[in-house]
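Single-structure report; data block below.
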């Protein structure tokens, strides 16, 4: 589905800018933001610059010329790679989900919008989408710090990733409340960062199923990935320390 469009310049102006900014990032580093009008965060520029650097190696250049792998195709290499990785990761993650394991990756593989965006346009959307999806998977597994690292990579790829910030702040806040005090899931530095995040959440006009003034403590399932402690049921205001592990468990 994608190969026939690989050499098509869907939006020549954007492709030219992506290639130029990438080449300048390879030659001038972060000076690209001073020398050009680059408006992308650094990751996409660095990836395109890496493609240019590799392509300028003599034997690589000769090989690309022999197989007619053009400059336009190189600009689309990273978005297509990210899209393929996203499809494979979702297929792996949805194992045991019946028809969904095949339906969701198939929709991504065949949907015209995905094909136009990555193969025709060569945009960075598949790259930051990959980071966002894997970040949500990390949250689902209780790996909060990893999720925030992946989210930071998404922001450094494209600023549109900011739309998920309120959701991630709320998810972090809820998991922090569900984690036992003293749990290794949240080191002091993480608690300091989270305190700032909670302050941000209180200033946002959002309601993600939880009241900002008096947050609910009802969780259908909240698992701490490090401690393997699971909190279920309604409010768990009373807690007692475990004498065997030193952790706190909800009664």
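Any read-out appearing in this document is the output of simple, stated calculations on the displayed coordinates, not a laboratory observation. Predicted model, so just to flag it, every value in this text is computed and none were measured.
Observations on the structure shown:
- Using the Cα coordinates of region 59-173, the gyration tensor eigenvalues translate into equivalent-ellipsoid semi-axes of 29, 18, 13 Å, sorted from longest to shortest.
- Per residue convex hull volume, Cα atoms of region 3-123, in Å³: 119
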